[in-house]
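One structure is given below, encoded as structure tokens.
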Amino acid sequence: MDADELRQRVREFLAEHDPKRMDRLEFLRARFDAGLAWVHFPTGLGGLGAPRELQTVVEAEFAKAGAPDNRPRENSIGLGMAAPTILRFGNDEQRRRFLRPLWTGEEIWCQLFSEPGAGSDLAALSMRAVRDGDEWVIDGQKVWTSLAHRAQWAILVARSDPDQPKHKGLTYFICDMTAPGVEVRPLRQITGEAEFNEVFLSGVRIPDSHRLGEVGQGWQVAMGTLMNERVAIGGSNIARESGMIGIIAQTWRDRPEVRTSGLHDRLLRLWVEAEATRLTSQRLRQQLAVGSPGPEGSAVKLSFARLNQEISGLELEMLGEEGLAYDDWTFRRPERADFTARGPGYRYLRAKGNSIEGGTSEILRNVIAERVLGLPQEIRTDKDVPWKELPR
Amino acid sequence: MSAPDLLYSQVEEDLRDSVRRLLADRCDWTSVLARCETEQPYDLQLWRTLAGELGLAALAVPEQVGGSGASARELAVVAEELGRAVAPVPFLGTVLATTVLAECSAEPAGELLPQLADGSRIATVAVSLASSPYSPFPRSVKADSGSLTGTASAVVELPFADFLVVPAVDSDVPSLYLLDVSAEGVTRTETTPLDLTRRFGTVALDGAPAQKLVSGAAAERVLRRALLTAAGVLASEQTGLAQHCLDSTVEYSLTRYQFGRQIGSFQAIKHRLADLWTGVSTARATARNAADALARDDAETELAVALAQAYCSDLAVLAAEEHLQLHGGIGMTWEHPAHLYLGRAKSAQLAFGTAERHRQCIGELVNLPTP
């Protein structure tokens, strides 16, 4: 299957399905059934078994025809993490049941991984899963769950065997977020708003048919999910001066009165680093495109976190009196995370999360040191001890 | 800027392999160290092999004027390898001179280029190593009816050069002259360098006869182009040097035991090396971007070079400093190569514009004006 054949298929599909006349959902369902949803997925599951990079060809054709998309940003966890995991670890029944409404956006997904006691050390998590006939009973607390208040489904890791060492006693489930015993509470952050939630599960019953992978295989499945997170971060090309650096550069251009020589030097240093980091991520994408993924992804994430923090801090200093003010502390729930939206005070506070979310900068440095540079792993005293005996 | 190719092509990788093999064979650090206090601090035999057999001296010069017909992309790959080995060869001066001569390839430049290409002659440009593509045209040498008078200092490769391209003003008109250093009225004085692997000195001219290459606005343009090319290529040399410092420090941290552990198992060391790796990856992206822009003569070449220099020169110094510090006491000894890398990195930081000077240029190019 090459790009031309795919284009032809899209055109044939569009000839029979006029996006201007059809109901949006009906159109998306038909697109899925034609194998034009995610072309690298297998036939029958929204794909054609085509190379992953041809997806852009398909998207471009549909966009050109003015077809509605599946609003990917509103279901990022579903598309980026749940779907590849279901494809890889799910059985046929689970794939058929979940993938179609996930892709069309009819069903939104969230991720129940992190816990108050298990952040960087995810494998130490303590949410319990106890088998009861054909069902599992789940108890515990999850945190940092975006979209939990809108999601129908969640991917969930819980401890099914506390007598095993921490990595071995985990099992991976699909959890119905509307089931009795699921309670979602917004988690207010230092910005005043709640992008995330805490999720309490009390006696929630999950049928065994909603288990992904084998009992005790949860860690391997979760690692598969998190790998996809790294691939998803690759994303598309970024334009120069996108993000924080563009905002501060514009302020400098628009407002001569804020300019001092000290600020100028700091601004130029950050501009250089932001542009250099942008090129690094562009180089990473070029490596991915020729099939030799470099480990630069961790480097880019580290750099962007530090840069966002430094740039947003400098912006406040540049603004002087205005930097003392905050746009709005009103408690609210934004539709999705946008680091550059709202005012400079918000940007400064929100950027603090960049070195914590998606792997802390300290853990990323360990990852680079161990997996890229081949330095010795951290000394681990907890690996072979039954989980229930670990101090916590 | 149209989309740059930031990777290495197979041809470039093959070129890297042959240069690296030759340097491993002929230019290990013990020989560089042993040579640096002798009468022959440069390995001119090695240079003749690099030039004559691998065609590296005039790599980016078109074939019809005696070069290898490649581009700044390949030149940059060679620079990475030479930086890795802190190779004591007249590379940088050759980049300057060949860029000028290729731009004015009529006589007498056309005669000289093939001799530079095969390594039988060495040439450089009589500008200060500390000048930048943004410096005003030098006015320290005056030309009068084809004879030059004045001085030029910090001229890289000066002690080994057979020919100099001399920027001079002729009745106030900027011009470039070609000078045979064996001519009457030429006095060369070598400076004791901080970087033992890169030599330079001051040339004093007293009515020395020279041939005019180009004058007027073209002379200014050609000199600026040479400095821009050298600055861009230097960013790759700095990247290669930084990569070596990282690799060698990682290797050492795996073999050095203290407190009964490899020192590379301590997070204090691991995190510094992870940060350095991040820096080297970033440097590589900017250096490739500059080389690619130079090769394509992209409209934003100046910005690409300034960015690469602003990033790579400081990063190379950081890498050389971390290399020394994480080697501990041994890194402070003469018999360890850490000081060769430190000297090279620190000197290269000052060459062809400091990071600060390049940032100033960026400020002008992207409209972030001074207060």
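State which residue pairs qualify: first residue more than 7 Å from every other protein chain (Cβ to nearest Cβ) and inside the stretch A:260-277, second residue among the β-branched types (Val, Ile, Thr) and not in a loop (DSSP other than H, G, I, E, B) in any location, beta carbons under 7 Å apart, and separation of 6 or more residues or different chains. Final answer for the pair search is A:270/A:245; A:270/A:311; A:274/A:245.
The residues listed here are B:134, B:177; of these, the one that is out of contact with any strand residue (DSSP E or B) (no Cβ under 8 Å at 6 or more places or on another chain) and aromatic (Phe, Trp, Tyr) is B:134. Of all residues in the stretch B:1-55, those satisfying the criterion of being within 14 Å of chain A (Cβ to nearest Cβ), among the hydrophobic types (A, V, I, L, M, F, W, C) and surrounded by 15 or more Cβ atoms within 10 Å (Cβ to Cβ) are B:6, B:7. A search for C-beta distances below 6 Å between a residue of the stretch B:254-275 that is at negative phi and any residue that is polar (S, T, N, Q) and part of a helix (DSSP H, G or I), counting only pairs 6+ apart in sequence or on different chains, returns B:263/B:253; B:264/B:253; B:269/B:253. Across the stretch B:326-339, not a single residue is classified as among the acidic types (Asp, Glu) and either within 11 Å of another protein chain (Cβ to nearest Cβ) or touching a helix residue (DSSP H, G or I) at 6+ places or on another chain (Cβ under 7 Å) (or both). Screening residue A:366 on (1) in contact (Cβ under 8 Å) with a residue 24 or more places away in the chain; (2) outside any loop (DSSP other than H, G, I, E, B); (3) in the same structural domain as residue A:267 (by TED's automatic domain parsing) shows it passes everything except condition (1). Residue A:301 meets each of the listed conditions (1) more than 23 Å from residue A:145 (Cβ to Cβ); (2) buried (at least 18 other Cβ atoms within 10 Å of the Cβ); (3) within 11 Å of another protein chain (Cβ to nearest Cβ) apart from (1). Within the stretch A:218-236, the presence of a residue that is farther than 20 Å from residue A:78 by Cα and of a type outside the set (D, E, K, R) is excluded.
Here is a yes/no grid of residues against (1) within 14 Å of chain A (Cβ to nearest Cβ); (2) touching a His at 6+ places or on another chain (Cβ under 8 Å); (3) of a type in the set (Ser, Thr, Tyr); (4) more than 30 Å from residue B:110 (Cβ to Cβ):
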{"site": "B:212", "(1), (2), (3), (4)": "no, no, no, no"}
{"site": "B:222", "(1), (2), (3), (4)": "no, no, no, no"}
{"site": "B:226", "(1), (2), (3), (4)": "no, no, no, no"}
{"site": "B:229", "(1), (2), (3), (4)": "no, no, yes, no"}
{"site": "B:241", "(1), (2), (3), (4)": "no, no, no, yes"}
{"site": "B:250", "(1), (2), (3), (4)": "yes, no, no, yes"}
{"site": "B:255", "(1), (2), (3), (4)": "yes, no, yes, yes"}
{"site": "B:262", "(1), (2), (3), (4)": "yes, no, no, yes"}
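Among the residues of the stretch B:182-231, those that are assigned to a loop (DSSP other than H, G, I, E, B) and either within 18 Å of residue B:163 (Cα to Cα) or of a type in the set (Val, Ile, Thr) (or both) comprise B:182, B:183, B:184, B:185, B:191, B:192, B:197, B:198, B:199, B:210. The residue that is modelled with the lowest pLDDT, among those in the stretch A:228-259 that are farther than 17 Å from residue A:344 by Cβ and within 13 Å of chain B (Cβ to nearest Cβ), is A:236. Residues in the stretch B:1-59 that are among the polar types (S, T, N, Q) and under 30 Å from residue B:298 (Cα atoms): B:2, B:9, B:10, B:18. Summed over the stretch B:56-84, the residues that are more than 21 Å from residue B:231 (Cβ to Cβ) and either at pLDDT 95 or above or buried (at least 23 other Cβ atoms within 10 Å of the Cβ) (or both) give a count of 1. Residue B:107 meets each of the listed conditions (1) farther than 25 Å from residue B:360 by Cβ; (2) within 22 Å of the chain's Cα centre (by Cα); (3) not β-branched (Val, Ile, Thr) apart from (2).
Conditions (1) among the aliphatic types (A, V, I, L, M); (2) at pLDDT 95 or above; (3) surrounded by fewer than 21 Cβ atoms within 10 Å (Cβ to Cβ), marked per residue:
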{"position": "B:261", "(1), (2), (3)": "no, yes, yes"}
{"position": "B:273", "(1), (2), (3)": "yes, yes, no"}
{"position": "B:286", "(1), (2), (3)": "no, yes, no"}
{"position": "B:304", "(1), (2), (3)": "yes, yes, no"}
{"position": "B:329", "(1), (2), (3)": "no, yes, yes"}
{"position": "B:341", "(1), (2), (3)": "no, yes, no"}
{"position": "B:361", "(1), (2), (3)": "no, yes, no"}
{"position": "B:365", "(1), (2), (3)": "yes, yes, yes"}
{"position": "B:370", "(1), (2), (3)": "no, yes, yes"}
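Kindly evaluate residue A:351 against the criterion of being within 14 Å of chain B (Cβ to nearest Cβ) and crowded, with 17+ Cβ neighbours inside 10 Å. No, not satisfied.
Restricting the stretch A:122-142 to residues that are outside any strand (DSSP E or B) and without any contact (Cβ under 8 Å) to a residue 60 or more places away in the chain, the residue that is nearest to the chain's Cα centre (by Cα) is A:125. Examine the stretch B:190-205 for a residue that is of a type outside the set (Lys, Arg) and closer than 21 Å to residue B:106 by Cα, and state whether such a residue exists. No, the stretch B:190-205 contains no residue that is of a type outside the set (Lys, Arg) and closer than 21 Å to residue B:106 by Cα. Go over the candidates A:315, A:241, A:275 one by one and state the one that is outside any helix (DSSP H, G or I) and either assigned by TED's automatic domain parsing to the domain that holds residue A:337 or aromatic (Phe, Trp, Tyr) (or both). Of the residues listed, the single one that is outside any helix (DSSP H, G or I) and either assigned by TED's automatic domain parsing to the domain that holds residue A:337 or aromatic (Phe, Trp, Tyr) (or both) is A:241.
The values are calculated or read from the model by the stated rules, or taken from the named source; none is laboratory data. Just so it is clear, the model here is predicted, and its values are computed rather than measured. All Cβ positions, glycine included, derive from the backbone under ideal geometry; neighbour counts span all protein chains shown.
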